[in-house]
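Some notes on the structure that comes next.
The values are calculated or read from the model by the stated rules, or taken from the named source; none is laboratory data. Computed from a predicted structure; not experimentally measured. Counting neighbours? That spans all protein chains shown, and the Cβs are built from the backbone with ideal geometry, glycine included.
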Amino acid sequence: MSQVKGKTGNYKFKAEINQLLDILTHSLYTHRDVFIRELISNAADALDKVKLKTLLGEKICDENLDLEIKISIDKDKKTFTISDTGIGMTAEELKKNIGTIARSGTADFIKAVADSKDKDVSLIGKFGVGFYSVFMAAEKVEIKTKSAQPDETACIWKSDGKGSFTIEETSDKIKRGTTITAFLKEDAASFAEEWSVKSAIEKYSNFVPFPILLNGEKVNTISAIWRDPKSSVKEKDYKEFYKFISHGDEDPETWLHFSADVPLQFNALLFVPKKNMEFLGFGKLEEGVQLFVKRVMVDPHAKEVLPNYLRFLRGVVESDDLPLNISRETLQENPYLIKIKNTLTSKILSHLSSLAEKEPEKYKKIWNEFGRILKEGYSDFQHKDQIAELFRFESSGTEDKDELISLKQYVERMPENQEKIYFLSGQSRESVEKNPNLEIFRDKGIEVLFCYDPIDEFALPGLFEFSGKQIISVDQADIEEIKKISGTKQDKKEIDDEKLKVVEKLTRRMKNILGDRIEDVKISGRLVKSPAILVSTNKTMSAQMEKIMSMLNQDTAVSPKIMEINKKHPLILKMADIYKNNPKDAVLSELTNGLYLTASLLDGSVDKPAEMAEHILKVVNRAAELYTDETRPSNRTEKNK
Ligand code: ADP
Ligand code: MG
């Protein structure tokens with residue numbers, strides 16, 4: 001290999017890319033035609049970049065070339081060749097962009113194909129490695145490219161996709177742009193036939209904003225549908241356009257097409273996808289909204305047009321009021337863009353709200369996919385109310401996980417004198433429903449929202465209130481206030497004063513027994529069924545939140561707990577009797593420890609499982625002893641069931 005100068009030479013592909021190539025060259029895939037889409041998409045990106053440079057008055061070479069994409073195929077030689085008059089690459093850029101720098105999406109993509117049943121590679125473009133898809137169809141690839149920078153030499157990249165590639169400079173007279181030739185594999189020869197290439201372009205690349213010529217004939221219809229009036233765009237066009245910009249094959253779940261003229265001119269077309277890719281275990285995806293200024297794409301992954309919690313949207317935003325030479329840094333502070341972002345955020349949130357009214361089932365799907373991300377919007381002060389309207393929950397008033405309610409519904413069905421919105425979080429419906437904190441709410445017929453997602457612990461207190469009602473966790477509720485709410489049922493009979501006095505003394509004895517393990521033992525106002533519960537002394541945070549915080553930061557100690565006991569529970573009443581007979585009775589310690597351990601189990605704060613197990617064994621053992629020593633009635637043998 002002749003080492004000409006600089007970046008020319010023989011190189012090895014970066015390890016991850018090699019792995020990717022290995023997968024792409026050695027298996028048979030469905031949707032192999034996506035390589036055509038990916039090469040066209042790269043050509044269009046390169047043309048966009050050169051267009052922007054021209055409009056900004058930057059110096060480029062061959063400035064009079066038409067901005068277009070040419071595809072030529074040769075059935076006999078089995079070649080597929082695509083040329084663009086775009087930005088091109090220098091030898092240095094070639095080496096970096098194709099072969100040596102692996103995008104962060106490479107590993108995610110490898111995993112995604114490995115997991116897909118029919119080896120569907122159509123997602124490849126979403127991961128920033130679209131170029132390599134050409135190796136599904138080609139046994140050898142050649143790239144000739146000349147950078148738009150004046151005075152750069154053209155160069156040639158060659159590879160068979162097996163471990164290495166070469167870059168050479170060439171003295172051929174080449175004009176600005178890139179030509180990629182795929183020497184097709186035997187079984188991919190159909191990609192050198194007109195019908196097959198044409199159908200791939202029609203399927204995937206109809207919206208490419210530059211002419212695509214196939215053997216000299218224009219095949220795409222160029223149309224920026226987001227600039228067209230809504231009335232003239234058909235549902236089919238929206239769906240097709242979505243597939244085009246999302247490099248995918250699925251329909252969108254819903255979309256919003258929107259134009260504004262005063263005080264700012266802009267057009268937007270935003271789509272909600274059907275699937276949440278972050279949910280599928282891939283890392284955070286790149287922002288998927290393209291920003292156009294005066295018909296030029298200035299940013300294919302605009303971060304500043306939507307808040308982060310709407311990052312799952314795909315689409316296009318275009319404004320003629322933004323300067324063309326807007327850079328990522330200045331975007332953030334551009335006052336027009338800030339206004340556009342606010343308007344768009346409001347629009348899309350109310351689009352989702354009205355969808356929720358009109359098509360609740362459709363909205364539920366969106367919430368189930370993207371709710372997790374939308375909830376991050378709780379801290380967007382300006383749109384807090386709109387976001388709060390979008391939240392959905394299971395609750396003590398719903399049947400199962402298929403039935404979700406909104407905060408609005410919750411407030412509408414609150415008893416008249418209920419002032420707050422209550423929620424309870426836990427790992428699952430089952431564990432939340434068993435939480436003793438819920439008992440008084442159940443008893444009073446007060447609905448409680450169920451939350452299973454750690455972010456709820458931040459999001460709900462973050463929203464703070466909805467339609468004037470404060471949102472709080474049940475373990476922070478003021479029990480006196482709860483008792484006053486005239487839900488369905490009223491308090492049943494109380495225990496007599498004499499008994500109550502004994503129970504009060506019993507609580508002090510219990511505190512003695514438990515010692516440092518507990519801050520205090522008190523008679524509870526919130527228990528209905530369970531004998532005891534642990535309650536946090538922390539007034540500013542729910543117990544769940546405290547747990548999250550101490551998990552995040554090992555140093556934060558969980559605040560001390562108070563054990564509350566249910567004065568009407570048969571077990572407590574029995575203990576009171578034992579206490580009355582003999583306040584020092586040793587069985588009281590055992591029972592108290594047992595109560596404490598079960599309460600901490602329900603609280604999720606058992607720190608010594610061994611102690612717990614030992615205690616249970618002791619009790620079981622005692623039961624066995626009682627049985628054999630005292631009763632031993634042979635007639636108590638378990639009957640056949
Ligand atoms: P992506 O398009 O998502 O960046 P690809 O794997 O498709 O990922 O392409 C990798 C990179 O190679 C591009 O970002 C670009 O820098 C460069 N590239 C590919 N094709 C062309 C082309 N036709 N003209 C100029 N640069 C190109
Ligand atoms: Mg690409």
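Some notes on this structure:
- The set of residues in segment 58-79 being surrounded by 15 or more Cβ atoms within 10 Å (Cβ to Cβ) and over 20 Å from residue 175 (Cα atoms) consists of 73, 78, 79.
- Strands (runs of 3 or more DSSP E) (entirely within segment 217-295) containing at least 1 residues that are hydroxyl-bearing (Ser, Thr, Tyr) and in contact with a Gly (Cβ under 7 Å, 6 or more places away or on another chain): none
- Checking each residue in segment 538-568 for being of a type outside the set (Lys, Arg), farther than 16 Å from residue 591 by Cα and modelled with pLDDT of 80 or more picks out 560, 562.
- When we screen 90, 54, 79 for residues that are without any contact (Cβ under 8 Å) to a residue 24 or more places away in the chain and polar (S, T, N, Q), the only hit is 54.
- Within segment 412-454, the set of residues being over 17 Å from residue 391 (Cα atoms) and hydrophobic (A, V, I, L, M, F, W, C) comprises 414, 432, 438, 440, 441, 446.
- Residue within segment 460-469 that is of a type in the set (Lys, Arg), within 36 Å of the chain's Cα centre (by Cα) and surrounded by 14 or more Cβ atoms within 10 Å (Cβ to Cβ) present: yes
- Condition broken by residue 79, with the remaining ones in (1) touching a Pro at 6+ places or on another chain (Cβ under 7 Å); (2) under 24 Å from residue 166 (Cβ atoms) satisfied: (1)
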